[in-house]
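Scroll down for the structure; my scribbles are underneath it.
Values quoted throughout were computed directly from the atomic coordinates according to the rules given, and no laboratory measurement underlies them. Keep in mind that what you see is a predicted model, and the values were worked out from it rather than measured. Neighbour counts are summed over all protein chains in view; Cβ atoms, including those assigned to glycine, are modelled from backbone coordinates with ideal geometry.
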Amino acid sequence: MRRLSYLKLHPLPNSIIKLSLSAIFILGMLMVHPFVYGQELENVKFDISQIPFSRYGSYMALSTIDHNDVKNTVLNLNELTGKSVWSSNGVLKIEPIDGQQVIPVEYEATPLNLKGKTPSGTLTFYFESPEILHIISNGPGVSMSGKFDRNNTLQVPGSPNTWKLRDNNFVVTIKSGNGEFEGKDEKGGFTVHPRDKQLDIVIEQYHGDWLPKTYTEPFQKSMENLKKELDAWDKITPSVPPLYQTARSLAAYVNWSCMIKPSGNVMRYGMVMSKNWMYNIWSWDNCFNAISLSYHQPKLSWDEFMLPFDKQDITGAMPDYINPHHMVWEFRKPPVHGWALSKLMEQYKLSNAQLNEIYPKLVAWTNYWFIYRDGNHNGLPEYYHGNDSGWDNSTSFDMGFPAEGPDLAAFLVKQMDVLSDIARKLGKVKEADQWKQKADETLKKMIVTFWDGEKFISKSAITGKHNEQSESLMSYLPIVLGERLPVNIRNKMVADLKKPGYLVTPYGIASESPQSKLYNPDGYWRGPIWAPTTLLIIDGLKSLKENDFAKELAKSFCNTCNKNGFAENFNALTGEALRDPAYTWTSSVFLTLAHSYL
């Protein structure tokens with residue numbers, strides 16, 4: 001940190017000296033903590049056709065985005081527990097009405113509340129708590145439609161204004177206003193009109209069984225509580241340069257709002273990837289969120305990192321993703337966890353309890369790859385599907401599966417180095433030496449098998465063939481090993497990355513070279529820029545003392561986010577946001593790079 005250490009002042013009246021020192025102190029604080037003059041988090045405005053309105057801990061979100069039609073203008077209430085199929089999680093469609101007619105509406109969203117401005121007045125949506133959402137009005141009525149026939153919608157006995165939507169574990173209460181449920185064979189809904197100019201609809205999400213409530217907290221009290229919570233989150237979000245203040249505030253909201261509370265399979269507080277439709281916790285995505293939380297929130301960072309390990313099976317494998325209702329076991333995710341753990345340990349000291357908690361789990365996860373994913377027994381584990389790598393459709397895999405490659409081997413070498421360090425800290429000297437030896441052996445095999453003299457390549461574990469047309473960034477992920485790599489190899493990798501237009505563009509690092517015959521501008525892992533690989537490459541460059549190049553790449557990526565938001569990925573030649581437009585590993589990597597490199 002830069003601090004004011006010495007000031008030589010000419011003799012001046014004490015009052016002027018005090019005033020000058022105060023001004024200099026304020027200026028110094030702005031230099032040390034740029035976020036102190038940034039936009040207050042509670043006032044951040046965002047577009048709900050891109051970024052959902054939700055809050056910390058909640059499994060509810062409001063947005064006008066539609067997975068199949070992003071131009072949809074109807075407000076949807078989505079449930080995010082994974083009870084529904086992941087791409088169709090809508091519970092209610094909400095529209096303002098005047099009489100029986102749907103009327104036009106324009107939405108304005110801040111982290112505090114969502115306002116729908118209509119010709120008849122304003123609808124306001126706000127959270128009393130993570131489970132309780134209010135809709136209030138100063139004029140228009142509300143139509144709420146959904147697939148609720150009379151068999152699945154129950155009027156609560158003794159509560160004439162309360163209905164349970166049993167298929168989705170929601171309760172709708174008309175606290176103020178006139179309305180009723182209309183059920184049909186396949187669809188049903190609610191039409192609610194103000195009574196004495198008052199309308200307050202409460203939607204509560206419950207787990208298990210529902211107990212009647214009175215919902216007495218007034219709007220202003222809810223706003224005061226939320227302001228305090230947002231201010232506290234803002235203060236522990238990593239600081240960034242002044243240029244990125246607006247983006248920082250938006251990133252802070254995206255990450256805050258994507259936190260979910262423990263429920264079902266999710267045994268700790270954690271950050272979902274998005275509250276659009278990618279509302280699961282994938283078992284490598286979580287690592288990048290844990291890193292961004294590591295600067296000022298060690299407890300939350302640790303829980304985020306450990307979430308997939310909570311569901312580790314007897315083989316040592318972790319699920320592809322988890323949510324409260326589902327876990328997917330058909331795929332794995334790459335073992336970046338040792339690398340990620342090393343990043344966490346740079347920010348906070350792990351207790352002996354934490355070291356003892358993670359060590360056997362990381363051992364089992366590492367052994368899994370060598371025991372269960374090395375079909376040809378050559379000591380180099382294999383991917384069975386692109387999803388296992390995180391690079392679902394990379395050109396590196398066009399020769400088919402099972403595939404073995406340098407990225408998987410490099411991650412495991414790094415992980416074993418970290419295991420060696422942890423074992424030594426725990427007094428397991430023999431195990432520490434064994435992990436170091438196995439890491440050395442794997443590194444040698446990786447270089448002999450995958451380095452073709454020009455670059456690293458991935459191969460079929462059965463035929464040994466590789467895709468000669470591939471120009472994938474995956475070939476350069478072993479740079480995470482830094483000085484572990486031979487000098488000639490790492491120098492060649494850095495030189496390739498510095499080639500103008502090869503993989504690096506003005507907007508970041510492409511997943512497939514734009515010069516490649518296989519490049520696809522919106523081809524998922526066949527062209528676009530991605531946050532996780534950006535951080536992995538930059539971290540490797542930093543470990544090789546390529547600080548200026550690392551900073552240049554960090555700046556390009558942060559500039560792209562600053563202009564185009566926090567999409568799942570970006571067009572490598574235009575910077576255009578692609579796919580899910582509010583993705584937390586993107587906002588987390590932005591915060592990490594802007595804070596640590598810029």
Long pairs among Lys492/Lys545; Lys235/Lys275; Lys45/Lys551; Lys361/Lys459; Lys311/Lys438; Lys45/Lys227, criterion Cα-Cα beyond 18 Å: Lys235/Lys275; Lys45/Lys551; Lys361/Lys459; Lys311/Lys438
Taking Cα atoms only, helix 584-596 is inclined relative to the longest principal axis of the chain by an angle, in degrees rounded to 10, of 60 degrees
Please list 3J(HN,Hα) in residue order for segment 161-172, calculated via the Karplus relation 6.51 cos²θ - 1.76 cosθ + 1.60 where θ = phi - 60°; whole Hz, with x for glycine and proline. 10, 10, 10, 9, 9, 5, 5, 10, 6, 10, 10, 10
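Using only C-alpha atoms and all pairs of different ones, pull out the Kirkwood radius for segment 187-270 in Å with one decimal. Let's see the in-between values first.
Details: mean 1/r = 0.0588 Å⁻¹.
Over segment 187-270, the inverse of the mean reciprocal pair distance is 17.0 Å.
Which value at 222 nm does the chain reach when only helices count, each DSSP H run of 4 or more adding -39,500 (n - 2.57), with the total divided by all residues and rounded to the nearest 500 deg cm²/dmol? It would help to have the intermediate numbers written out before the result.
Details: 14 runs with 200 residues, N = 598.
Counting only the DSSP helices, I get -11000 deg cm²/dmol.
Can you tell me, using C-alpha contacts under 8 Å and at least 6 residues apart, the relative contact order of the chain as a whole percent?
Numbers: 1223 pairs, mean separation 64.4, N = 598.
Answer for the chain is 11 percent.
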First obtain the Kirkwood hydrodynamic radius of segment 407-541 from its Cα pairs, then insert it into the Stokes-Einstein equation at 25 °C and 0.890 mPa s, and state the resulting D in µm² per second as a whole number. 153 µm²/s
Percent breakdown of C-alpha pair distances by 20 Å bin, ordered from the shortest bin, for the chain: 19, 48, 27, 6, 0
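Work through the residues other than Met267 whose Cβ is under 11 Å from its Cβ and net out their charges, Lys, Arg +1 and Asp, Glu -1. Display every interim value, and only then the final one.
Working: positive: Lys261, Arg268, Lys311; negative: Asp303, Asp310.
So the surrounding residues net to +1.
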Rounded to the nearest Å, what's the spacing between the alpha carbon centres of segment 574-591 and segment 464-523? Just the number, please. 21 Å
Counting only residues 5 or more places away or on other chains, whose amide H sits under 5 Å from the amide H of Gly270 once H atoms are built in the peptide plane? Ile260
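Hey, what does the equivalent ellipsoid look like for segment 483-598, semi-axes from the Cα gyration tensor as sqrt of 5 times each eigenvalue, largest first, whole Å? Write out the running numbers ahead of the final one.
Numbers: eigenvalues 99, 62, 23 Å².
Output for segment 483-598: semi-axes of 22, 18, 11 Å.
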Spelling out what I want: for every residue of segment 423-430, take phi, set θ = phi - 60°, compute 6.51 cos²θ - 1.76 cosθ + 1.60 (Karplus), and round to whole Hz; glycine and proline get x. 4, 5, 5, 8, x, 8, 5, 4
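Within the set of other residues whose C-beta is less than 15 Å from the C-beta of Gln437, count the net charge using Lys and Arg as +1 and Asp and Glu as -1. Don't jump to the answer; show the numbers that get you there.
Working: positive: Arg424, Lys428, Lys430, Lys436, Lys438, Lys444, Lys445, Arg484; negative: Asp417, Asp421, Glu431, Asp433, Asp440, Glu441.
Cβ neighbours under 15 Å give a net charge of +2.
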Residue by residue through segment 403-410, the couplings from Karplus 6.51 cos²θ - 1.76 cosθ + 1.60 with θ = phi - 60°, in Hz, x for Gly and Pro, are 10, 10, x, x, 5, 4, 4, 5
0 to 90° range, to nearest 10: angle between helix 531-543 axis and the chain longest Cα axis: 40 degrees
Provide the FRET efficiency to the nearest 0.05 for the Val74-Asn376 pair, computing r from the beta carbons and using R0 = 41 Å. 0.15
For the chain, which span is the longest to avoid every loop-located (per DSSP) member of GluC sites (Glu not before Pro) having at most 10 other Cβ atoms inside 10 Å? 1-185
Give me, ordered by chain and number, the residues 5 or more places off Met327 or on other chains with an amide H under 5 Å from its own placed amide H. none
Those aspartates and glutamates that a straight Cα-Cα span of less than 17 Å connects to Lys221, excepting residues fewer than 8 apart in one chain: Glu42, Glu128, Glu131, Asp200, Glu229, Asp231
Computed log₁₀ I(q)/I(0) - Debye formula, equal Cα scatterers, no solvent, segment 49-225, q 0.08 Å⁻¹: -0.22
Interchain or sequence-distant (5+) residues whose placed amide H lies within less than 5 Å of the amide H of Val44 are none
Helix 14-32 vs. the chain, principal-axis angle (Cα, 0 to 90°, nearest 10): 70 degrees
Summed over the other residues with a beta carbon less than 9 angstrom from that of Leu481, with K and R at +1 and D and E at -1, the charge totals +1
